[in-house]
Structure formats: C-alpha cells, structure tokens
Amino acid sequence: RYTIETDISLKYIFLKLSIISLIQNETPIMPWNELDAFWMPFTSNREFKSAPRMLTSAQGMHFTSDDGRKILDGTAGLWCVNAGHGREEIAKAAYDQLKELDFASAFQMGHPRPFQLAERLIQHTPEGLDHVFFTNSGSESVETALKIAVAYHRLNGNGSKTKFIGREKGYHGTNLGGISVGGLGSNRKDFNCLIPGVDHLQHTWIKGSEFTKGQPAKGAELADELESLIALHSADNIAAVIVEPVVGAGGVFIPPQGYLERLREITRQHDILLIFDEVITGFGRIGKPFAANRFQVTPDLLTTAKGLTNGAIPMGAVFAHNKIHQAFMNGPESSIELFHGYTYSGHPVASAVALATLDIYQHEGLFEQALALEHCWQEGLHSLSDLKAVKDIRNIGLIGAVELHPGDQPGQRGKQVFLDCYWQQNTLVRGIGDTLALSPPLIINEQQIHQLVEALRTAISKIPT
Ligand code: PLP
C-alpha cells in the first residue's frame, strides 16, 4: 500500500544512492545535455545551451574543458583567482575548518576565525581603515558601504545626507543600491525601482589618451565636475561618492594622474564620504594590496570580495575608517550599533579560506610579483597596437583591456574574439562590448603572458577591417 511514509523512504533511498554514486564517481546524475533548469547569470542562456562551454577542472593557470582541452586562464576566473587554481592549502583550510566548526552565527556570538582574519587584513589596508565588516559578495559589500555611509551621517546629526554620487561606466554589483550608483545602462534599464537621489560623474576616458601605458597624464580636472554636482544637490544632502579606482567590468579604465587625489580633496572639503569599490582591484591586482595603497589615496570606506578568498568560497568585506567606526561606538554599550548583517557574515569556513589565501599571497610574494610583471604585461599587450582592428589598449598592474573598432553592430567584437580564443586558441579572455578585458592570475609567468598575447593576436587578426 502506497503511503506518505513509503514515498518519503523511496525518496530517501534515491537520494542516498545518488550521493553514493556521485562520491564513487559513477555515471553523473546530471548529464551535460540536461541544462535547462539552471538559469545562468549574465548569460545568453539559449545560445549557451546550444553550444555549452563547460569547464570541469582547474589547476594553476589552466582550466580543463569537458572536451579535454587545457585552457589558459586570462581572467582569473572572474577577476578573483589571484593565486591560481586548485590550491591545496586552501582546500585543506576549508576541510579542516568544516570538521572543527562548520558554522556558528556572528550575531551575538563569536568564533575565532573572522576576528583573526580582520586583524590580518587591516595590516594591508592604508592607515586608518582599521575595521572590517564581513559580507558574502561584492554586491553585498557595496550595499553595506552605502548603508554605513547614510547611518554615519545620521549619527553625526546630518540626517539629510542621503544622496550618492556614482560614475558612468561604474559597476558596483547587481543589488538595487549597486545598480543605482552604477553607471551601466544595460544593468539598470529593466529595473525601474532604483534608489532615489543618485547622480553620476562622467567617466574618465578622454579622447587623445588612446594607447596610454598606465595612468593617463591628462584628465585630473574631470574630478572637478563633482563640485558642480555638489552645487546642484548641496553637500548637506550627499552621503558619499563611490568609484572603482580602476574601472573593471565597465571596460577597464585607468584613472588619470591626480584624479583620485582631487576626488579625495573635494569630498573631504564637503564632509562627503569617499567609497572605493575594490572588488576587482583588491589583493594584488595592481601590484599592491589595494589600489588605495598604490595611488596613495585613502577612502573612508573600501569594499572588496573576489581575491579575498581566491574565489574559492563566497566572501566580501567592507573596511571602515576609524572615524566612521568610532561614530557608531558612542551609544549605550548594550545597544546594537548597526542593524545590518548577513547570516554568513564572517562565516568560519570562508574566514579560514581567506586566511589560507593571505598566507599564499604573503609567502609567494604575489603582490610584488604582479608589480614586477607589470612592464612585461604592458609591453605584451601594447604590441597588439599594430593590428588594424585595435582601437585602444589600456593597462595597469596585471589588468588590461584591448578595445576594438566596432563593426556594423557595435558591441559584438569582444564576444567574437572571446569565442575564437575559447574554441580555437584554448585561452579564456573576457569580452565586454567591443573590448577584451584581461586579468590573469598573479602567478602568470612571462612565457604565459606571451602565449596570451599571441592567442589574442591570432583571434583579433580574424576581425574584418
Ligand atoms: N563591485 C565591483 C567593482 C565588481 O567588479 C563586482 C563584480 O565584478 C562587484 C562589485 C559585485 O561583486 P559580486 O559579483 O561578488 O556581487
């Protein structure tokens, strides 16, 4: 007789058998031709599923695809695997932590790892950024920073300071705050419920700066537009300015010399907080722990994620300046200072993985290595300037962009080259509109840089001019 109980026990047996077969590496439960259920993020789902690009394992600088090819990773996964793939130390740290303490909440309870991690992290941040709020992603870090900015002003008796200034081409994740301060129309257009009171600075690319190596010499004055926006909205109403020190997902744009310094000066004059979104530029991407260190400009809040755990497990962080943290610590001792947090804020396993990642960065000197490779990287990328299809090349640290002249349908060239690189050159690059964005793991060597550049050369040469 069929009962609810038999149904439950049958399901239980099926689940158990499935798990056993997975562990024993038998026939996969999900064959590759069953791809419909997973709604993929930021992907042309139907197109992808007609010719899937499936990565099945990774080690060091390479992925392996399901058809057995070794693919050179020119993207550090998605700007995150800075120490390279398949790090034993990270796997061990996760495993050991899972056995010791898999989860404990950080709401009203403590466990050692996030405390240890925060202490370690602040040794790398510019002076004053001495407090860390943990999140699970870059998007959550951005929302957290925006909320802290508003609450900080309110605590200081400036409750009207609630507006934000972002920047064109800025990418600050995909939550509502992030797309509101972000400057990418495609990410905003379908969501007509953005947070109010946001304005944007213009982006920092100026005509004439094509093929600049490193920071463009001209363009610091673009920051003065902030004065006009302040005049328009009034400093009394503005909580913070948020920018990526180096724009990543918007197409890789390097700040002109003096630009970030000028933003800092103006925000300070008007008691407006400056937020650096360093989700990409954190953890050695431009040869220092953070872009703030490299450009010697200290923001009030700094958001990060990605390289924090080498991409191995989700985790993000917001660094807050002492003056901000202190403003929250003034009320009665028994009060909760910030009504904000996530179930997994300071997750023990993520924290253990981040600690292991920091060990690798430090022991292998990967930030210094990125700086030492910058010249080779720069010259390699700029050697592509002889190709007719190339419109501009930009670089700093181990980040770079090769922008192509648009074809009849603007915005398609990047994808064309990305697909050719993947299928024909066994190389992973990222296509953003007509631009190829590049950000290899920091363990890359000179020969692999050369290989990456040659793969690009071959693929770009196929573009009709
Ligand atoms: N901020 C910046 C500058 C980013 O580049 C990204 C992701 O690429 C984010 C925020 C969002 O991070 P996540 O995808 O982890 O939410």
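Any read-out appearing in this document is the output of simple, stated calculations on the displayed coordinates, not a laboratory observation. Quick caveat, the model's predicted, so the values are computed rather than measured. Because the Cβ atoms are built from the backbone with ideal geometry, glycine has one as well, and the counts that use them run over all protein chains shown.
Using only the alpha carbon atoms of segment 164-301, find the Kirkwood hydrodynamic radius as the inverse mean reciprocal pair distance, in angstroms to one decimal.
That comes to 15.2 Å for segment 164-301.
Can you list residues from other chains, or at least 5 along the same chain, whose modelled amide H is less than 5 Å from the amide H of SER160?
Residues meeting the criterion, in which the H sits 1.01 Å from N, do not exist here.
If you take every residue apart from GLY138 with its C-beta less than 11 Å away from the C-beta of GLY138, what net charge results, scoring Lys and Arg +1 and Asp and Glu -1?
Cβ neighbours under 11 Å give a net charge of -4.
May I ask which residue of ASN293, THR435, GLN108 lies farthest towards the positive end of the charge dipole of the chain, with charges of +1 (Lys, Arg) and -1 (Asp, Glu) on Cβ and the Cα centre as origin?
In the chain, that residue is THR435.
Only helical DSSP H runs with n ≥ 4 go in: add -39500 (n - 2.57) per run for the chain, normalise by residue count and round the 222 nm mean residue ellipticity to 500 deg cm²/dmol.
-11500 deg cm²/dmol
Less than 19 Å apart at the alpha-carbon level, and either on another chain or at least 8 residues along: which lysines does that give for LYS161?
LYS147, LYS323
Rg/Rh for segment 286-394 to two decimals, with Rh computed the Kirkwood way over all alpha-carbon pairs.
Checking Rg against Rh, the ratio lands at 1.11.
Cα convex hull of segment 43-86: how many Å³ per residue?
76
Sticking to Cα atoms, compute the Rg of segment 337-445 to one decimal and its Dmax as the biggest Cα-Cα distance, whole number, in Å.
18.7, 58
Along the charge dipole of segment 317-462, which of ASN445, PHE418, GLN369 sits closest to the positive end, that is, farthest toward it, with unit charges on the beta carbon of Lys, Arg, Asp and Glu (+1, +1, -1, -1)?
Selected residue: PHE418.
Just how large is the dipole of the chain about the Cα centre, in debye to the nearest 20, putting +1 at every Lys and Arg Cβ and -1 at every Asp and Glu Cβ?
620
State which entries of LYS163/LYS189; LYS49/LYS415; LYS163/LYS415; LYS306/LYS462; LYS213/LYS288 exceed 27 angstrom in Cα-Cα distance in the structure shown.
Those over the limit are LYS163/LYS415; LYS306/LYS462.
Given axes a ≥ b ≥ c from the Cα gyration tensor, I'd like to know whether segment 89-197 is rounded (a/c under 1.5), prolate (a/b larger than b/c) or oblate.
The shape class here is prolate.
By per-residue mean of other Cβ atoms within 10 Å, what is the highest-first order of 391-401, 270-280, 166-176?
270-280, 391-401, 166-176
Average projected area of the Cα convex hull of segment 382-460, in nm²?
If I average the Cα hull's projected area over directions, I get 4.8 nm².
May I ask you to work out the translational diffusion coefficient for the chain at 25 °C, viscosity 0.890 mPa s, via Stokes-Einstein with Rh from the Kirkwood sum over Cα pairs, reported in whole µm²/s?
The estimated diffusion coefficient comes to 104 µm²/s.
Kindly write out, for segment 36-42 in residue order, the coupling ³J(HN,Hα) from the Karplus curve 6.51 cos²θ - 1.76 cosθ + 1.60 (θ = phi - 60°), rounded to whole Hz, with x marking Gly and Pro.
Karplus values, whole Hz, x for Gly and Pro: 6, 5, 7, 7, 6, x, 6.
Checking a compactness column here: for segment 196-275, what do you get for Rg(Cα) / (2.2 N^0.38 Å), N being the number of residues?
Scaled against compact globular proteins, the figure is 1.12.
Taking amide H positions as placed 1.01 Å from N in the peptide plane, with prolines and chain starts having none, which residues 5 or more places from GLY316, or on another chain, fall under 5 Å of its amide H?
THR135, ASN136, SER137
Filter the chymotrypsin sites (Phe, Trp or Tyr not before Pro) in segment 89-142 down to the DSSP loop ones having no more than 15 other Cβ atoms within 10 Å, then list what survives.
PHE103, PHE107
Which whole-percent values make up P(r) of segment 279-346 when all C-alpha to C-alpha distances are grouped in 10 Å steps starting at zero?
Whole-percent P(r) values from 0 Å outward: 18, 40, 30, 12, 0.
If you count, for each residue, the other Cβ atoms within 10 Å and average over each peptide, how do 59-70, 427-438, 194-205 line up from highest to lowest?
Put in order of decreasing packing, that is 427-438, 194-205, 59-70.
Can you give the Rg and Dmax of segment 141-228 based on its C-alpha atoms, in angstrom?
Answer for segment 141-228, Rg first and Dmax second: 15.4, 47 Å.
Taking the dipole about the Cα centre of the chain, with the C-beta of Lys and Arg at +1 and of Asp and Glu at -1, give me whichever of LEU302, LEU117, THR56 is farthest to the positive side.
Highest projection toward the positive end goes to THR56.
What residues qualify as long-range amide H neighbours of VAL246, i.e. H under 5 Å apart, gap of 5 or more or another chain, H built at 1.01 Å from N?
Those lying under 5 Å, H to H, from VAL246: there are none.
In a Debye calculation with equal point scatterers on the alpha-carbon sites of segment 87-145 and no solvent, what is log10 I(q)/I(0) at q = 0.18, 0.20 Å⁻¹?
Scattering profile of segment 87-145, log10 relative to I(0): -0.88, -1.04.
Give the peptides 125-131, 52-58, 42-48 in descending order of average Cβ contacts within 10 Å, highest first.
The peptides rank, most packed first, as 125-131, 52-58, 42-48.
ILE195: net charge of surrounding residues, Cβ under 15 Å, Lys/Arg +1, Asp/Glu -1, itself excluded?
+2
Could you size up the charge dipole of segment 360-409 around its Cα centre, putting +1 on the beta carbon of Lys and Arg and -1 on that of Asp and Glu, and report it in debye to the nearest 20?
120
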